[in-house]
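A short worksheet on the structure shown next.
Bear in mind that the values in this text are calculations on the coordinates, not laboratory data. Please read these numbers as outputs of a predicted model, since none were measured by experiment. Here the Cβ positions follow ideal geometry from the backbone for every residue, glycine too, while neighbour counts run over all protein chains shown.
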Amino acid sequence: MYPNLYYAFKEWFGVEWKALSFVYTFGLMVALGFIVSAIVLAAELKRKEKAGLLFPREEFIIVGKPASLIELLINFLTGFVFGYKLIGLFLNKPDDVNAQDYIFSADGNILAGLAMGLLLAGMKWREKNKQKLKTPERRTVRIWPHDRVGDIIIIGLLFGILGAKLFDNLENWNTFIKDPVGTFFSTRGLTFYGGLILAAIAIARYAIKKGIPPIHLADAVAPALMIAYAVGRIGCHVSGDGDWGIYNSAYITDSTAKVVQAAPGGFEKQLNQYSTYFLSGSVFDKEGKLEFVTDRKSASLAEVPHASFKAPSFLPTWMVAYNYPNNVNADGIQIPGSTGDYNRVLPSPVFPTPFYETVFCTLLFLFLWSIRKRIKTPGVLAAIYLIVNGFERFSIETIRVNARYPFLGFNLSQAEIIALALILSGVVLWVIVKRLKSTSASTS
């Protein structure tokens, strides 16, 4: 596992560059997911524009004005935060504090923050001063929908993270009420569907405000969302963020932290040996202090969720049983001889569901991308996305461990409930847009 790039470069190139420890692989892949989605979304919006489905909008701007106080202040604050935290990370971070905890603490370098803030504010003043006119002019510009991709991505990022945290805290309410502030601002815990729902509402509102038909934007966003999710799941798997499946009882973790095939009764022996972990779901830091409690705790060893599946000869074992060594959550038992920040490994391997979702969602992206030009009814592609996305997530939840809630006589996880709602929404959307098209055709 590579919690951050320090571990990746150490294994790949044999170098130990501590400066890379603040670049977390999960965040890096999420950022890459947004970049890839922006490229896909821009390409699809341009295609729709050429097809005459989307049009530009004229807006008025004022050119030649000097930098306003608000613009200078925003640039200063941006630079201050960047210098205070990131430069402070290199110059002021104590050796016994990991980079992630430092970034989310109040510590930093004030002088670096002031210097960077003044630099960015000065650059903004200089840029605007070069463009300053004796008399500012009011001009009309034409802005196409694809020109707004940057705004759409930023809105999706901000409201996506907010929604993901809100839904995760709702799902883990007992943990949240014990420490609301600490839990909300913790780097742990993000629920994809929470982010999807809140981001969708915010982006739809923005599209209406800017004159972009939401139904066409939804069709364009569908494949972009699918590939972004696939890329983001790479980060979940590579970092070992805890979003994995149930235990594969056909294998165990041996005394050297390697995954080996379990002998008869081997899984049960492992359960008894590490009963405290399996029953409490407790995760401890390197000093032995309780850090947090996972959703994998069980009432008894007999209720520990698992399934037995041996890898076929043509597949590597890790594809069906992986113990996530050095995972970013520091979840599991201590790796023998390891004293680093991330020195834990799962006592029994699990099904690597993030890897499965990366594969499935990449295939679904290719499917959506291949059929998009053949679909002539606006909204159908978005409906298909909702349906296949819901089926994909509901299927993967059958081998994942999440909190369960009574729902229509069934015990379902939050993700399963939302997945069913997405499937139903997709079917309803499909029926509505098809009927609207039939009504329009009959009256024309």
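Taking the Cα centroid of the stretch 301-371 and of the stretch 118-148, what is the distance between the two, rounded to the nearest whole Å?
For the stretch 301-371 versus the stretch 118-148, the Cα centre distance is 49 Å.
Amide H to amide H, which residues 5 or more places from L54 or on other chains are under 5 Å from it, using H placed in the peptide plane?
Long-range HN contacts for L54: E49.
Based only on Cα atoms, what Rg/Rh ratio does the stretch 60-143 have, Rh being taken as Kirkwood's radius?
Numbers: Rg = 17.8 Å, Rh = 14.7 Å.
Taking Rh as the inverse mean 1/r over Cα pairs, Rg/Rh reads 1.22.
So, in Å, what gap is there between the alpha-carbon centers of the stretch 255-270 and the stretch 55-87?
57 Å
If amide H atoms are built 1.01 Å from N in the plane of the peptide, which residues on other chains or at least 5 residues away come under 5 Å of the amide H of S249?
A307, S308, F309
Suppose R0 equals 56 Å. What FRET efficiency, 1/(1 + (r/R0)^6) with r the Cβ-Cβ distance, do D107 and E49 give to the nearest 0.05?
The formula returns an efficiency of 0.70 here.
Only Cα pairs within less than 10 Å get springs; with that Gaussian network setup on the chain, which residue of S308, S413, S68 has the largest fluctuation?
In this elastic network of the chain, the residue with the biggest mean-square fluctuation among S308, S413, S68 is S68.
Name the long-range amide H neighbours of R344: under 5 Å, sequence gap of 5 or more, or other chain; modelled H, no Pro or chain starts.
Amide H to amide H, under 5 Å and 5 or more residues apart or across chains, R344 pairs with N326, N327, I335.
In deg cm²/dmol, rounded to 500, what helix-only [θ] at 222 nm does the chain give when every DSSP H run of at least 4 residues adds -39500 (n - 2.57) and the total is split over its residues? Please list the in-between numbers first.
Details: 16 runs with 238 residues, N = 444.
It comes out at -17500 deg cm²/dmol, rounded to the nearest 500.
For K434 and D147, calculate 0.36 nm times their separation in residues minus their Cα-Cα distance, and state this gained length in nm to one decimal.
Working: separation 287, 0.36 × 287 = 103.32 nm, distance 2.98 nm.
Going from the current span to full extension adds 100.3 nm.
Explain nothing, just compute: Karplus ³J(HN,Hα) = 6.51 cos²θ - 1.76 cosθ + 1.60, θ = phi - 60°, for every residue of the stretch 308-318 in order, whole Hz, x for Gly and Pro.
Listing the rounded values in order: 9, 8, 8, 5, x, 4, 8, 10, x, 4, 4 Hz.
What FRET efficiency would be calculated for the residue pair A263, I161, taking the C-beta separation as r and a Förster radius of 56 Å, to the nearest 0.05? Display every interim value, and only then the final one.
On the way: r = 45 Å, r/R0 = 0.80.
My answer for the efficiency is 0.80.
Suppose a student asked you for the relative contact order of the chain, using Cα pairs under 8 Å spaced at least 6 residues apart; what percent would you report? The partial results should precede the final answer.
Details: 730 pairs, mean separation 70.1, N = 444.
For the chain, the relative contact order is 16 percent.
How long is the gain from F407 to M319 if the chain were fully straight, where each residue apart is worth 0.36 nm and the alpha carbon distance is subtracted? Mind dumping the intermediate values first?
Working: separation 88, 0.36 × 88 = 31.68 nm, distance 3.21 nm.
Extending this stretch completely gives an extra 28.5 nm.
Just to be sure I understand: with springs between alpha-carbon atoms less than 10 Å apart, which residue in L89, L157, L73 has the highest mean-square fluctuation in the Gaussian network model of the chain?
In the Gaussian network model the winner is L73.
So what's the net charge close to E58: Lys and Arg +1, Asp and Glu -1, counting the other residues with Cβ under 13 Å from its Cβ? If you can, show how the numbers build up before the last one.
Values: positive: R57, R138, R139, R142, K210; negative: E59, D147.
Computed value for this residue: +3.
Pull out the extension gain between E16 and I74, defined as 0.36 nm times the separation in residues minus the alpha carbon to alpha carbon distance; nm, one decimal. Walk me through the numbers on the way to the answer.
On the way: separation 58, 0.36 × 58 = 20.88 nm, distance 3.63 nm.
Going from the current span to full extension adds 17.2 nm.
On a 25 Å Cα-Cα criterion, which of the cross-link pairs K165/K373; K48/K132; K46/K376; K373/K437 come out too long?
Details: K165/K373 36 Å; K48/K132 37 Å; K46/K376 16 Å; K373/K437 17 Å.
The answer is K165/K373; K48/K132.
Taking the chain as a Gaussian network, where each spring joins two C-alpha atoms under 10 Å apart, which residue of Y385, Y324, Y206 fluctuates the most?
Y206
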